[in-house]
Amino acid sequence: MAKILIVDDNIDMLDTLEHLFTFYDFEVVRAENGREALAVAEREKPGLIILDALMPVMNGFEACEKLKSNPQTRDIPVIFLSANYTRLEHQQKGIELGADDYILKPFNSQELITKITSLLHRRRLIEKLRNDNQQLLYRKCPPPERESLPAAGDNEAAKDFNIDPLTGLYNNRFFQQRFEEEYRHSLNAGGGLALALVDADMFQRINEIYSEQTADYVLMRIANVILHNSRAAEVVFRLENNKFALLLRLPEDPAFEEAERIRSAVQRTQFFEQDFFQLKKVSPRQKQALENVTVSIGVAALQKQISKNDLLQQAQDSLAQAKARGRNRTVRFSEIQNT
């Protein structure tokens with residue numbers, strides 16, 4: 001049974017919403033202002049929050065901003081339900097603060113239940129995908145001391161470890177550490193080492209048109225595709241924003257083939273299922289432009305007498321060339337080195 005937190009200073013409205021949600025078999029917890037809602041949300045961990053905009057002590061906009069800035073509550077979907085702040089700029093402000101929807105009172109009960117059901121379904125998919133990524137990462141790319149790993153899905157423990165809390169991949173901090181280790185190993189043992197940098201194409205447009213929550217899900221899906229299609233990667237990381245990295249104990253040619261497999265797999269993946277995304281009203285041309293998510297990849301391999309920083313710069317230069325050549329392609333450093 002999903003738990004819903006309803007926040008409103010109107011007791012009659014709280015009673016009405018509680019009766020409605022109980023009828024549809026939801027567990028209900030209540031708060032009468034924004035400040036109380038923050039405490040209840042952190043304590044009760046609801047699956048979704050219904051938030052009035054105009055309230056004493058702390059209004060809904062302030063509460064939403066604080067909920068979305070708190071790591072313990074930021075992933076909880078929020079729906080504004082307001083009778084006072086009804087203008088378009090109020091609705092835009094709510095969405096910009098991280099709310100998933102903004103509904104005006106009086107509301108249609110069936111429409112509200114449908115939206116709640118959809119958002120709860122989306123959250124379950126997101127949590128499952130994050131857990132799947134983390135479990136797959138542990139299986140394919142375990143760190144040196146496996147016993148120190150947090151359990152998959154344990155986001156609190158992951159924050160203190162080297163796990164990116166969004167995608168379930170290793171984070172940029174661990175990349176710096178492992179990159180140094182792999183670089184020294186390659187120099188000492190004489191084996192190959194390649195670095196592949198993966199960047200989601202046109203990601204800002206996805207964020208702007210489809211919302212930040214949808215863009216986050218796309219990053220998680222890209223991470224999942226990388227994990228499922230990286231056969232030889234020693235470790236897979238999310239560096240920052242929409243950029244990923246793979247360390248491979250391979251020379252350039254097989255590393256390039258590995259990167260191309262990943263790029264092609266991302267291109268084939270259907271990201272925008274209509275039953276998952278509550279798409280905004282965008283033109284058919286905008287929808288078509290974002291129908292397929294693609295990535296650009298830059299690959300560089302360790303050569304004698306180059307530093308770790310040189311290898312990273314070569315991979316960055318290769319990625320920049322992949323972007324400049326039209327995106328959705330893989331470029332290796334030897335291609336641009338000889339031009």
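Quick one: what does P(r) look like for the chain with 10 Å bins over all Cα pairs, in whole %?
Once binned at 10 Å, the Cα pair distances of the chain give 5, 23, 27, 21, 14, 7, 2, 0.
Distance from the Cα centre of the stretch 81-129 to that of the stretch 324-338, in angstrom?
43
Whole-Hz Karplus ³J(HN,Hα) for the stretch 45-58, in order, using 6.51 cos²θ - 1.76 cosθ + 1.60 and θ = phi - 60°, x for Gly and Pro?
6, x, x, 7, 10, 9, 10, 6, 8, 9, 8, x, 6, 8
Would you please give the FRET efficiency between Lys68 and Arg184, computed as 1/(1 + (r/R0)^6) with r the Cβ-Cβ distance and R0 = 56 Å, to the nearest 0.05? If you can, show how the numbers build up before the last one.
Numbers: r = 41 Å, r/R0 = 0.73.
After rounding, the FRET efficiency stands at 0.85.
Compare the peptides 53-59, 324-330 by average per-residue count of other Cβ atoms within 10 angstrom and give them in order, highest first. Can you show the working numbers first?
Values: 53-59: 17.6, 324-330: 15.4.
Put in order of decreasing packing, that is 53-59, 324-330.
Taking the alpha-carbon distance from Lys93 and a cut-off under 13 Å, which aspartates and glutamates remain once sequence neighbours fewer than 8 residues away in the same chain are dropped?
Glu62, Glu65, Asp101
So what are the ³J(HN,Hα) numbers for the stretch 200-210, from phi and the Karplus equation (6.51, -1.76, 1.60; θ = phi - 60°), rounded to whole Hz, Gly and Pro as x?
5, 6, 6, 5, 4, 5, 4, 4, 6, 7, 9
Once you place label points 7 Å from the Cα toward the Cβ at Gln110 and Arg139, how far apart are they in nm?
Going by the 7 Å Cα→Cβ label model, 4.3 nm.
List the GluC sites (Glu not before Pro) in the stretch 92-145 that DSSP assigns to loop (not H, G, I, E or B) and whose Cβ has at most 16 other Cβ atoms within 10 Å. Which are they?
Numbers: sites: Glu96, Glu111, Glu127, Glu145; in loops: Glu145.
For GluC sites (Glu not before Pro) across the stretch 92-145 that sit outside H, G, I, E and B with at most 16 neighbouring Cβ atoms in 10 Å, the list reads Glu145.
Amide H neighbours of Val236 under 5 Å, counting only residues 5+ apart in sequence or on other chains, H built in-plane at 1.01 Å?
Long-range HN contacts for Val236: Tyr170.
Just the ratio, please: alpha-carbon radius of gyration of the stretch 24-123 over 2.2 N^0.38 Å, N its number of residues. Please list the in-between numbers first.
Numbers: Rg = 12.5 Å, N = 100, 2.2 N^0.38 = 12.7 Å.
In units of the globular-protein estimate, the stretch 24-123 measures up at 0.99.
Can you run phi through the Karplus equation (6.51, -1.76, 1.60; θ = phi - 60°) for the stretch 171-186 and list ³J(HN,Hα) in whole Hz, with x for Gly and Pro?
Residue by residue, the stretch 171-186 yields 9, 5, 4, 6, 4, 4, 5, 6, 4, 4, 5, 5, 4, 5, 4, 5 Hz.
7 Å from Cα along Cα→Cβ at both Asn241 and Lys128: what's the point-to-point distance in nm?
In this crude spin-label approximation the distance works out to 3.2 nm.
5 Å is the cut-off here: which amide hydrogens, built 1.01 Å from N in the peptide plane, fall below it relative to Arg332, excluding neighbours closer than 5 in sequence?
HN-HN under 5 Å from Arg332: Val299.
How high is the relative contact order of the stretch 3-107, in percent, counting Cα pairs under 8 Å that sit 6 or more residues apart? Spell out each step's value before the answer.
Working: 189 pairs, mean separation 25.3, N = 105.
Relative contact order here is 24 percent.
Could you check the spin-label model distance between Ala83 and His19? Points 7 Å from the Cα along Cα→Cβ, value in nm.
Modelled inter-label distance: 1.4 nm.
On a 22 Å Cα-Cα criterion, which of the cross-link pairs Lys45/Lys243; Lys105/Lys128; Lys45/Lys68; Lys3/Lys115; Lys3/Lys66; Lys3/Lys128 come out too long?
Details: Lys45/Lys243 31 Å; Lys105/Lys128 33 Å; Lys45/Lys68 13 Å; Lys3/Lys115 15 Å; Lys3/Lys66 20 Å; Lys3/Lys128 18 Å.
Beyond 22 Å: Lys45/Lys243; Lys105/Lys128.
Starting from the amide H of Met55, placed 1.01 Å from N in the peptide plane, find each other amide H under 5 Å away whose residue is 5 or more places distant or on another chain.
Under 5 Å from the amide H of Met55: Gly60.
FYI, it's all coordinate maths here, none of it is from the lab. All values reported here derive from a predicted model rather than from experimental measurement. Positions of Cβ are generated from backbone atoms using ideal geometry, with glycine treated the same way; all protein chains shown enter the neighbour counts.
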